[in-house]
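The structure appears right after this line, and notes come after that.
The values are calculated or read from the model by the stated rules, or taken from the named source; none is laboratory data. This structure is a prediction, so every number in the text was calculated from the model and none was measured. Here Cβ is always computed from backbone atoms with ideal geometry, including for glycine, and neighbour counts include all displayed protein chains. Please note that ligands, DNA and RNA were not included when accessible areas were found on the heavy atoms of the full protein model with its side chains. Shrake-Rupley method; radii C 1.70, N 1.55, O 1.52, S 1.80 Å.
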Amino acid sequence: MWPPDAEPEPDPESAHGSRSGRTVPGLRALLPARAFLCSLKGRLLLAESGLSFITFICYVVSSASAFLTVPLLEFLLAVYFLFADAMQLNDKWQGLCWPMMDFLRCVTAALIYFVISITAVAKYSDGAYKAAGVFGFFATIVFAIDFYLIFNEVAKFLKQGDSGNETTAHRTEEENSNSDSDSD
């Protein structure tokens, strides 16, 4: 209720400044867990968002900012997927195909970053464009690694599902063929 209740009196035993056992409310609850940030997917998403932001800043500083939109959108999407994966929204929202959305995001980002980086490096002589092109090439590599890893995970999952279907189909086929041989 508003206004918030007055804070309770501090415990005299914990007055020594020990705050390790207490949780800190507020914005810290929105930060991703350290375990996720140290995982491969977390590092890739951090690298994608960081490189997209740096590329965005380079295009903002450049004299003609024709390619400004792509790094901004990719930065926002990378941050969204970072928090979605960290907060495990894929478990909460089952109706969305998260691996496919992430795969398509990475494929389109890698292709578009590759094209605009080549254009920025080849066409413009501005130093900020050259820097944006170089960071765009790095972002292309990071996005390509991410979609390669997602593709391998999806392919492995589909192979496991297909092998289960193949064994049951093979068993029913054998049962049907055995029943035909018994009737002769």
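Per-structure values
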item: Condition check for residue 140: of a type in the set (S, T, N, Q), farther than 26 Å from residue 158 by Cβ and under 18 Å from the mean Cα position of the chain (by Cα); result: yes
item: Residue within the range 98-109 that is open to solvent by 70 Å² or more (accessible area, probe 1.4 Å) and modelled with pLDDT of 90 or more present; result: yes
item: Of all residues in the range 87-97 being surrounded by 14 or more Cβ atoms within 10 Å (Cβ to Cβ) and without any contact (Cβ under 8 Å) to a residue 12 or more places away in the chain, the one that is farthest from residue 149 (Cα to Cα); result: 89
item: Top-ranked residue of the range 95-124 - restricted to ones that are polar (S, T, N, Q) and within 14 Å of residue 66 (Cβ to Cβ), ranked as farthest from the chain's Cα centre (by Cα); result: 119
item: Residue ID - farthest from residue 56 (Cα to Cα), chosen from residues in the range 112-131 that are crowded, with 18+ Cβ neighbours inside 10 Å and at pLDDT below 90; result: 124
item: Filtered residues of the range 41-86 (kept if outside any helix (DSSP H, G or I) and surrounded by 15 or more Cβ atoms within 10 Å (Cβ to Cβ)); result: 62, 65, 67, 68
item: So residue 97, is it within 15 Å of residue 44 (Cβ to Cβ) and not basic (Lys, Arg); result: no
